[in-house]
Amino acid sequence: MALARPRRTLRPGDLIEISRFGYEHWAIYVGHGFVVHLAPPSEIAGAGAASVLSALTNKAIVKKELLSAVAGRDNYRVNNKHDDRYRPLPSNKIVKQAEELVGQELPYSLTSDNCEHFVNQLRYGVSRSDQVTDAVTTVSVAAGVLAAAGLVGLLLARSKRERQ
């Protein structure tokens with residue numbers, strides 16, 4: 001799914017989804033063109049695939065940077081995707097909490113403490129990452145299909161041996 005630059009005005013507290021090669025990077029809009037996001041200490045704003053390096057570290061820094069610098073040439077959009085499930089916190093509280101975290105080093109884990117967990121915690125008070133959930137579901141389905149195929153193969157081989 002290609003992401004585009006937002007057509008509507010960004011509002012403080014909006015979740016910003018930045019399309020990177022193979023994954024999405026998430027930030028929270030705090031106003032005046034700035035976002036707060038969780039990034040590995042080595043990440044260069046706008047470097048795109050370089051932020052894959054975050055998977056290799058267990059620490060990340062909360063950064064406040066211009067959205068244009070963080071997104072670089074990557075497309076982005078507002079994606080407050082859980083507003084129908086969770087009530088967003090007041091925007092002034094979201095921004096205050098986000099800005100209070102700027103400069104702090106936080107634990108980082110691709111599966112439990114990534115940039116998507118971070119922004120959802122700020123907006124909804126719920127730490128969650130659909131990228132992780134979707135990946136686990138895909139792996140589980142693939143494992144189930146492979147297990148079923150293996151079982152069918154074993155049954156066919158056994159049937160063939162019994163006929164001989």
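The values are calculated or read from the model by the stated rules, or taken from the named source; none is laboratory data. Remember, predicted model here, so these are calculated numbers, not experimental data. Every residue, glycine among them, receives a Cβ derived from its backbone with ideal geometry; neighbour counts consider all protein chains shown. These accessible areas exclude ligands, DNA and RNA; they are computed on the full protein's heavy atoms, side chains included. Shrake-Rupley method; radii C 1.70, N 1.55, O 1.52, S 1.80 Å.
Quick notes on this one:
- The H on the amide N of Asn114, modeled in the peptide plane, is under 5 Å from the matching H of Ser109, each at least 5 residues off or on a different chain.
- Peptides 103-110, 65-72 ordered by average Cβ neighbours within 10 Å, highest first: 65-72, 103-110
- Amide H partners (placed H, <5 Å) of Thr57, local residues excluded: none
- Taking θ as phi - 60° and the Karplus parameters 6.51, -1.76 and 1.60, the scalar couplings of the stretch 118-124 work out to 4, 6, 5, 4, 5, 6, 10 Hz in sequence order, x denoting glycine and proline.
- Only alpha carbons enter this Debye calculation for the stretch 72-121, each as an equal point scatterer, and the log10 of I(q)/I(0) it gives at q = 0.21, 0.24, 0.26, 0.27 Å⁻¹ is -1.04, -1.18, -1.20, -1.19.
- Using the Karplus relation 6.51 cos²θ - 1.76 cosθ + 1.60 with θ = phi - 60°, the per-residue 3J(HN,Hα) values for the stretch 14-29 come to 5, 7, 10, 9, 10, 7, 10, 5, x, 6, 10, 9, 10, 9, 10, 6 Hz, with x marking Gly and Pro.
- Accessible-area rank, largest first, for Tyr86, Tyr29: Tyr86, Tyr29, with all protein chains present and a 1.4 angstrom probe.
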